[in-house]
Each structure stands twice: as C-alpha cells, then as structure tokens.
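A quick write-up on the structure given underneath.
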Amino acid sequence: MAEASDSQRMVPARVGRAVDRIGALPDDVLHRVLSQLSSREAVHTCLLGQRWRDLWRSVPIINVSFGEFEDSDADDDVEDTFDREETFKKFVNRFLMLRNPVGLDEFRLDYSSSTGDCPDDANLWISHVLQCNAWAVKVVNRGEPLKLAPGVFSSSFLKRLHISSAILVPGFFNQLQMGCPALKYLFLYDCDIMDHEIFSKTLEVLILSEEVGFDDQASISAPSLVTLSIEGNLCFGRLPILKNMASLETASVLLSGDMTDFDGDAIRQLLAGLSDVRSLDFCYADRKLTMEKNFRWCLTFSNLINLTLYTWCVHADFYALIFFLQNSPNLKKLTLKLKQEGMSAITGELEDRSFICEQLEIVEIICSETSELLPRVTRFLLDSGIRNDQMRIVTGGNPMYQSPKTSLMF
C-alpha cells in the first residue's frame, strides 16, 4: 500500500515536469502546437499553469466544431439541438472576442444550423477572421444549407476557400472576383450555385463535389485555372460551359445525376472546354446514352498525355474508347478501370473504327481478379494493334472513380 501511495504521488510530479519542459519552448512553437488542437481543447490548456494561461489567444489556426458540443446521451429533439447550437455560438463569439489582435492563418468552422436561415453569426465570424488576414477559410455545415452573405468575402489575403452545404446566391462569384483578388483554391461541396457566370482571373484549383446544383445554364471562365474537378451528382440544371481555360492542365470529371439537358451536344460542349488538358480522368455514370449515327464530335485532344476511363467506355461496340483514342494523337498512358458492367454507357456507330496511337507507351487495366470484361477488353486492344508488352494488368486495385480532392483539401 505504501509503494502504491508513493507511485500515485509521483505521477503528478512527472506530469508537471513534462509540462514545464514543453512550456519552456518559445511562444511561436507553442502556438503551432496548440494549432493542432481544436479551439476548445486549446482553451483548456490554460489550466496547465501560468505559462499557458494566455497562449491560446494567439494561435494562428482557429478550429471550432459543433461536434464537440454534441451529447451522445442526450435526446436528439429540436429543443436540445437548439440549446447545443446556442452554446456553440456563445463559445465561438467569446473565443473571437478574447483572442489577441494578431494575424490568422486558417479558420475552420464545423457548423450546424437547424433552420439554415443563418446565420448572422456565421457571416460575422467569417467577416471577422478575414479582417484578421486569414489566408484559408473552411466552412463545413451539418444542417440545412447555409445562406452565406457574399459581402463578407472581402480580403486581399484569402487564398483558399472551402464551403460545404450552402446556397450561393447570385453575386457570390462576382464578389469573390472583386473582393478576394488573391484567391487560388475553391472547393464547393453540396452547394446550390445560382450564378449564371463563374468567372475568376486568379483561381488555379476549382473543385465542385457531390450534390452540386446549377440553377440554370452556367458558364465557368478561369484563365489561370490549372486543375478542375467536377464530381458527384449534378442536378437542377445543365452541364456548365467551360470557357477561357488556357492554363488548364488536369481535369477530373464524374458525370452523374439528374440533368435536364444531358445529351451528346452537352457532353461535347463540356469536352471542348477540356480539349487542351494534359491529364484527363473522365467517368460517365448516368443512363445509357446512344449517339446519333456518325455524330460529329469535332474534337481533338492534342495535348493529352494521360487518360483514365472506366467501364462505361468498353461496352460491346467500344464506341467511347475508340472516340478518345482516335482523337488523342499524343497519348502516352491509357488507364482503364473496370468493374462489373452496368447500365452507364455512351454508345453509337462509327464509320471508321480504326485508330493509331504512335505515342502510346502503356495501357494499364485495373480490375478484379474475376473480371468478366478483362478478356474482351484485352482482345479488343490486341486486335487494334496494341502489343502485349504495352499492357499492364493490375488486379485487386480499386476500379471505382476516386476523387482527387484528398490531396488538394486543407
């Protein structure tokens, strides 16, 4: 008992010495350490001692999450949810009020609104952090879509913006263009886009993900854009028209959803805006689409070096695959990701089914070990002049469409 008692008395002393050693580090190092915590956890470090009392007030990253205020044992009724939202709002307001007037790198907001009418508080928080020269803002919403006020996005320092589950009212993109002249990266997840024109001179990365909705025919014009990703279920409108994409090098497109104008002309128009890219990942996951006989695509992918396609392009007639190979004279690598054959396909008739890929170095086929499509695809390639030594079969890999956003997010 005596030994156990001595051991218990030693633990706080050891912890205290460890805290003292960490506390001896310079302020800027400790601020970076605290930035790895949520803002609520960072505030709790003030209990460690006098040295830590005010460090949280100057952290360069604010990370506030409604999830930390959820009670797994509480009833999930409207009144309880409202109470948690109010507690969360009070914490964020208090945190921002007590924070020292120093520069800010990032603001990460994991928000919840049971009404979606939002949110004067969320708009005020975004405006406040941009006045603190935050260069990155991420707003993740758990509740009803937020109606963000375009006017709060005014900062010559903002470079990266991530918004999820929001209604982007008319004028939003014009405000970004005029009010955020340094913006390089824009990620929109599950957002309704009500602007008809999306224009930016500065954007280099644009990602439209999941339930992206266009109110009507929209156009995207971004002369500095290098990377474009359109993925998920496109709904409520038509495919966007891509214009002025002179700098675009990499594009990833997943077409699925309930589009009101989803035909060959719309797809041709979209591909025309991507015709100068060097790397293209293209997945069609909508209903079967049969093109008119001898439909004229009038497209050439002169700069295309890397091309990734999926099961939809290898249906019985190989229509879509032949189209891309006929019009990609400088293609060096073709990747085919094959899964169980489904309903999604673009088919048609071609007068000329031949193609020459003089620059093609490798065809990589990713599929399961039991793929029924593999023998038919390899036979087609061999009959078309692709050599055995140019083909590489990868079994056990993931043949599904994989979003590139993981390497681009905050």
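The values are calculated or read from the model by the stated rules, or taken from the named source; none is laboratory data. Because the structure is predicted, anything quoted here is derived from the model rather than measured. Cβ sites come from the backbone with ideal geometry, for glycine too, and all protein chains shown count toward neighbours. Remember, those area values only see protein heavy atoms, side chains included, never the ligands or the DNA or RNA. Shrake-Rupley method; radii C 1.70, N 1.55, O 1.52, S 1.80 Å.
Go through (1) under 11 Å from the mean Cα position of the chain (by Cα); (2) at pLDDT 90 or above; (3) open to solvent by 10 Å² or more (accessible area, probe 1.4 Å) and name the single condition residue 242 misses.
Evaluating residue 242 over (1) under 11 Å from the mean Cα position of the chain (by Cα); (2) at pLDDT 90 or above; (3) open to solvent by 10 Å² or more (accessible area, probe 1.4 Å) leaves (1) as the failure.
Residue by residue through the stretch 283-314, note down the ones that are touching a strand residue (DSSP E or B) at 6+ places or on another chain (Cβ under 9 Å) and more than 18 Å from residue 264 (Cβ to Cβ).
Scanning the stretch 283-314 gives 304, 305, 306, 307, 308, 310, 311, 314.
Every residue in the stretch 86-122 that is open to solvent by 10 Å² or more (accessible area, probe 1.4 Å), at pLDDT 95 or above and closer than 13 Å to residue 134 by Cβ, please.
Within the stretch 86-122, 96, 99, 105, 106, 108 qualify.
Those residues that are surrounded by 18 or more Cβ atoms within 10 Å (Cβ to Cβ) and out of contact with any Gly (no Cβ under 9 Å at 6 or more places or on another chain), I need them from the stretch 280-293; list them, please.
Listed by number, the residues that qualify are 280, 281, 282, 283, 284.
Can you name every residue in the stretch 187-206 that is under 17 Å from residue 141 (Cα atoms) and not acidic (Asp, Glu)?
187, 188, 189, 191, 193
Checking the conditions here, which among 312, 297 is open to solvent by less than 60 Å² (accessible area, probe 1.4 Å), part of a loop (DSSP other than H, G, I, E, B), in contact (Cβ under 8 Å) with a residue 12 or more places away in the chain and not aliphatic (A, V, I, L, M)? Even if it seems obvious, please write down each step before you answer.
Working: 312 fails: part of a loop (DSSP other than H, G, I, E, B).
The conditions single out 297.
Can you pull out the residues in the stretch 315-337 that are open to solvent by 20 Å² or more (accessible area, probe 1.4 Å) and touching a strand residue (DSSP E or B) at 6+ places or on another chain (Cβ under 9 Å)? Even if it seems obvious, please write down each step before you answer.
Let us first name the residues in the stretch 315-337 that are open to solvent by 20 Å² or more (accessible area, probe 1.4 Å), namely 315-317, 326-327, 329-330, 332-333, 337.
Matches in the stretch 315-337: 315, 316, 317, 332, 333, 337.
Which condition does residue 365 not pass, out of (1) assigned to a loop (DSSP other than H, G, I, E, B); (2) modelled with pLDDT of 85 or more; (3) farther than 25 Å from residue 241 by Cβ, if it passes all the others?
(1)
Considering only the stretch 261-281, I want to know if a residue exists there that is touching an Asp or Glu at 6+ places or on another chain (Cβ under 8 Å), closer than 23 Å to residue 366 by Cα, part of a strand (DSSP E or B) and at pLDDT 85 or above.
Yes.
Do the conditions hold for residue 130, that is, is it closer than 28 Å to residue 28 by Cα, under 20 Å from the mean Cα position of the chain (by Cα) and at pLDDT 95 or above?
no
Take the residues in the stretch 368-386 that are outside any loop (DSSP other than H, G, I, E, B) and touching a residue at least 60 places away in the same chain (Cβ under 8 Å), then tell me which one is least open to solvent (accessible area, probe 1.4 Å).
Checked the stretch 368-386; the qualifying residue least open to solvent (accessible area, probe 1.4 Å) is 377.
Quick one: residue 256 ticks every box in (1) at pLDDT below 95; (2) surrounded by fewer than 16 Cβ atoms within 10 Å (Cβ to Cβ) except a single one, so which number is it?
Result: residue 256 fails condition (2) only.
I'm trying to understand the selection: among the residues of the stretch 131-144, which are over 21 Å from residue 58 (Cα atoms) and not in a strand (DSSP E or B)?
142, 143, 144
For residues that are in contact with a strand residue (DSSP E or B) (Cβ under 6 Å, 6 or more places away or on another chain) and surrounded by fewer than 20 Cβ atoms within 10 Å (Cβ to Cβ), scanning just the stretch 123-139, find the one that is farthest from residue 177 (Cα to Cα).
138
Do you know which residues across the stretch 352-361 are modelled with pLDDT of 95 or more and either under 12 Å from residue 338 (Cβ atoms) or open to solvent by less than 40 Å² (accessible area, probe 1.4 Å) (or both)?
Within the stretch 352-361, 360 is the sole residue that qualifies.
Since residue 198 meets every condition but one in (1) part of a strand (DSSP E or B); (2) touching a residue at least 60 places away in the same chain (Cβ under 8 Å), which condition does it not meet?
Of the numbered conditions (1) part of a strand (DSSP E or B); (2) touching a residue at least 60 places away in the same chain (Cβ under 8 Å), the odd one out for residue 198 is (2).
If you scan the stretch 148-171, which residues turn out to be open to solvent by 10 Å² or more (accessible area, probe 1.4 Å), under 15 Å from residue 107 (Cβ atoms) and among the β-branched types (Val, Ile, Thr)?
Across the stretch 148-171, the qualifying residue is only 152.
Output the number of the condition that residue 342 fails; it satisfies all remaining conditions of (1) at pLDDT 95 or above; (2) open to solvent by 20 Å² or more (accessible area, probe 1.4 Å).
(1)
Applying the selection to the stretch 145-182, what residues are part of a loop (DSSP other than H, G, I, E, B) and basic (Lys, Arg)?
159
Within the stretch 300-309, can you find the residues that are buried (at least 16 other Cβ atoms within 10 Å of the Cβ), out of contact with any Lys or Arg (no Cβ under 6 Å at 6 or more places or on another chain), more than 21 Å from residue 339 (Cα to Cα) and not aromatic (Phe, Trp, Tyr)?
Within the stretch 300-309, 304 is the sole residue that qualifies.
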